[in-house]
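One structure is given below, encoded as structure tokens.
The values are calculated or read from the model by the stated rules, or taken from the named source; none is laboratory data. What you are looking at is a predicted structure, and each value in this text was computed from that prediction instead of being measured. Counting neighbours? That spans all protein chains shown, and the Cβs are built from the backbone with ideal geometry, glycine included. Side chains included, ligands, DNA and RNA excluded: accessible areas come from the protein's heavy atoms. Shrake-Rupley method; radii C 1.70, N 1.55, O 1.52, S 1.80 Å.
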Amino acid sequence: MFKNFISPSNNKKLEINSNKLFDGIITFDVINDIPNLIYPKILDKIDLDAKNFYEGRAKEYDKYLHLTFQTYNEDENTVRNKMIDLLNLKHNFKVLEVACGTGRDSILIDKRLSSCAELHLTDISYDMIKEAKEKLKHSNSKTYFCTCNALFLPFPDNYFDAFYSFGALGEFSDKKQFFNEIIRVCKKGA
């Protein structure tokens, strides 16, 4: 269940001990099978503000997000599917979605994958990732969930065939670091 994760602090393999993950220095909790791989433990103010803003708001977020699309006279499902089409997903891809929120795009991505594919969903908010996990409990692919800081991704180098994130870039404190991490964890040409 946790074999695909590495430590976001030192990129080493994580050891499983009880209901915790350990990298030799730092211990990471696991709550409801969702590892909390947020690093550093004390976040930059911008990242902490984003985390705090979304915590406890997953239900309201889901209830009202469609209004953003209606404001621009757009159909949410059509827009999301057009963006996901650009990924040119193959049924067996390993896909990373950063800042998946409540899983609105994750469901659409998962429909394009098979049981041999992997879909890794991350968010800095436990409340959001918990909601996404609930939505994907009957997924097509092997799904993995974790909370993490997008600036320190808990994945090995050159692992993913595709990467997706919608609307989160403005929330990250260090965009250059974020893009460096995406380049690190994605295969060439992903």
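The length gained by stretching the chain between Asn158 and Asn4 to full extension, at 0.36 nm per residue less their Cα-Cα distance, is 54.2 nm.
Specify whether the C-alpha gyration tensor of the range 53-96 places it in the rounded, prolate or oblate class, a ≥ b ≥ c being the square roots of the eigenvalues: rounded for a/c under 1.5, otherwise prolate if a/b is larger than b/c and oblate if not. Walk me through the intermediate numbers first.
On the way: a/c = 3.73, a/b = 1.44, b/c = 2.59.
Since a/c reaches 1.5 but b/c is at least a/b, the shape of the range 53-96 is classed as oblate.
The largest-to-smallest principal axis extents of the Cα set in the range 67-125 are 38, 27, 15 Å.
What accessible area per residue comes out for the range 133-190, rounded to a whole number of Å², with a 1.4 Å probe? Please report the intermediate quantities before stating the final value.
Working: 2920 Å² over 58 residues.
With all protein chains present, the range 133-190 gives 50 Å² per residue.
Could you sort Met83, Met128 by their accessible area in this structure, using a 1.4 Å probe and putting the largest first?
Values: Met83 55, Met128 5 Å².
Largest accessible area first, the residues go Met83, Met128.
Think of a 1.4 Å ball rolled over the protein heavy atoms: the range 58-130 then has 50 Å² of accessible area per residue.
By its C-alpha gyration tensor, with a ≥ b ≥ c as the square roots of the eigenvalues, how is the range 116-162 shaped: rounded for a/c under 1.5, else prolate for a/b larger than b/c, else oblate?
Working: a/c = 3.23, a/b = 1.08, b/c = 2.99.
Oblate, since a/c reaches 1.5 and b/c is not below a/b.
Let me make sure I get this right: for the range 1-44, a, b and c are the square roots of the gyration tensor eigenvalues over alpha carbons, sorted descending. Under 1.5 in a/c it's rounded, otherwise prolate if a/b > b/c, else oblate. Which is it? Oblate. To the nearest 10, the accessible area of Cys100 is 10 Å² with a 1.4 Å probe.
Ranked by accessible surface with a 1.4 Å probe, highest first, in what order do Thr27, Thr102, Thr71 come?
Values: Thr27 65, Thr102 0, Thr71 100 Å².
Greatest to least solvent exposure: Thr71, Thr27, Thr102.
Treating only the Cβ of Lys, Arg, Asp and Glu as charged (+1, +1, -1, -1), what charge dipole size does the range 32-93 show about its Cα centre? Round to the nearest 20 debye.
Details: 9 positive and 11 negative charges, 26 e Å.
Dipole size: approximately 120 debye.
Counting other Cβ atoms within 10 Å of each Cβ, which trypsin sites (Lys or Arg not before Pro) in the range 101-190 have at most 15 and sit in a DSSP loop? All intermediate terms of the calculation are to be shown ahead of the outcome.
Details: sites: Arg104, Lys111, Arg112, Lys130, Lys133, Lys135, Lys137, Lys142, Lys175, Lys176, Arg184, Lys187, Lys188; in loops: Lys111, Arg112, Lys137, Lys187, Lys188.
Here the trypsin sites (Lys or Arg not before Pro) that fit, given the DSSP loop and packing criteria, are Lys111, Lys137, Lys187, Lys188.
At an R0 of 35 angstrom, the distance between the Cβ atoms of Asn17 and Asn73 translates into a FRET efficiency of 0.10.
How much length is gained on full extension from Arg57 to Phe179, taking 0.36 nm per residue of separation minus their Cα-Cα distance? Numbers along the way, then the final one.
Working: separation 122, 0.36 × 122 = 43.92 nm, distance 2.70 nm.
Contour length minus Cα-Cα distance gives 41.2 nm.
To put it simply, the accessible area of the range 6-68 at a 1.4 Å probe is 55 percent carbon and sulfur.
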